[in-house]
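Below is one structure, written out as structure tokens; the observations come after it.
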Amino acid sequence: MIEGTVSAINVSDGGLPKRPRESAAISIGGVQGDRQRDLRHHGGPDRAVVLYSLELIRALQAEGHPIAPGTTGENLTLSGVDWASLRPGVRLGINNVVLEITKPASPCRNLAGSFREGDFSRLSEKAHPGWSRLCARVLREGTVRVGDRVIPLATGSAAR
């Protein structure tokens, strides 16, 4: 796996887009300043942080989609990370925070504004493997900042 960088930290008081900030505390409950309106489908310990790739965002923009960091609900936009190597159980260190990937994030109609003709299925892991955002649980709490290194750590157990 390749080390990367935190390109953006995105939060919202509910809804999209999530807005950028320079730093945020990350706890087992999620990212400071971020709230989800629908807790049945968002948030919780295994979905505390949502990650996405800046390179994939740029590729989608090149396809003509009006996507940008934070518009699809990701909390951390990462650059330089080998996205294809991230799967459930993989752990990432960011500053003093440790995250463990739990599963791909399912897309929903709230993301339609980020895609041509509203086709949010472009982020579906089933329809487009490797293009999904990823959910993570927090194994070690701390603070992250834009520009922090993202370091692959030893793989943990499979997602619960």
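Data for the structure
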| item | result |
| --- | --- |
| Of the criteria (1) open to solvent by less than 10 Å² (accessible area, probe 1.4 Å); (2) over 14 Å from the mean Cα position of the chain (by Cα); (3) under 15 Å from residue 6 (Cα atoms), which one residue 147 fails | (1) |
| For residue 118: the one exception among (1) touching a residue at least 40 places away in the same chain (Cβ under 8 Å); (2) open to solvent by less than 50 Å² (accessible area, probe 1.4 Å) | (1) |
| Matching entry among 73, 93 (being in a strand (DSSP E or B) and either open to solvent by 40 Å² or more (accessible area, probe 1.4 Å) or of a type in the set (Gly, Ala, Ser) (or both)) | 93 |
| Index of the failed condition, residue 50 passing every other in (1) within 10 Å of residue 133 (Cα to Cα); (2) open to solvent by 30 Å² or more (accessible area, probe 1.4 Å) | (2) |
| Near pairs, Cβ below 7 angstrom, 6+ apart or cross-chain, from region 147-160 (modelled with pLDDT under 75) to any residue that is surrounded by 10 or more Cβ atoms within 10 Å (Cβ to Cβ) and part of a loop (DSSP other than H, G, I, E, B) | 155/89; 155/90; 156/89; 157/89; 158/88; 158/89; 159/88; 159/89 |
| Enumeration of residues in region 96-111 that are of a type in the set (Gly, Ala, Ser) and either farther than 15 Å from residue 132 by Cα or open to solvent by less than 30 Å² (accessible area, probe 1.4 Å) (or both) | 105 |
| Filtered residues of region 1-30 (kept if under 13 Å from residue 79 (Cα atoms) and either crowded, with 22+ Cβ neighbours inside 10 Å or within 15 Å of the chain's Cα centre (by Cα) (or both)) | 4, 5, 6, 7, 8, 9 |
| Residue match in region 79-86 (condition: assigned to a helix (DSSP H, G or I) and surrounded by 15 or more Cβ atoms within 10 Å (Cβ to Cβ)) | yes |
| Residues that are closer than 16 Å to residue 52 by Cβ and touching a helix residue (DSSP H, G or I) at 6+ places or on another chain (Cβ under 8 Å), drawn from region 111-135 | 111, 114, 115, 120, 122, 123, 128, 130, 131, 132, 133, 135 |
| Checklist (1) more than 20 Å from residue 12 (Cα to Cα); (2) in contact with a His (Cβ under 8 Å, 6 or more places away or on another chain); (3) of a type outside the set (Val, Ile, Thr) applied to residue 108, failing item | (1) |
| Positions within region 1-27 being at pLDDT below 95 and within 21 Å of residue 151 (Cα to Cα), in sequence order | 1, 2, 3 |
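The values are calculated or read from the model by the stated rules, or taken from the named source; none is laboratory data. Here the structure is a predicted model, which is why all the values come from computation and not from measurement. Here the Cβ is made from the backbone with ideal geometry for all residues, glycine too, and neighbour counts use every protein chain on show. We work out accessible area using only protein heavy atoms, side chains counted, and drop any ligands, DNA or RNA first. Shrake-Rupley method; radii C 1.70, N 1.55, O 1.52, S 1.80 Å.
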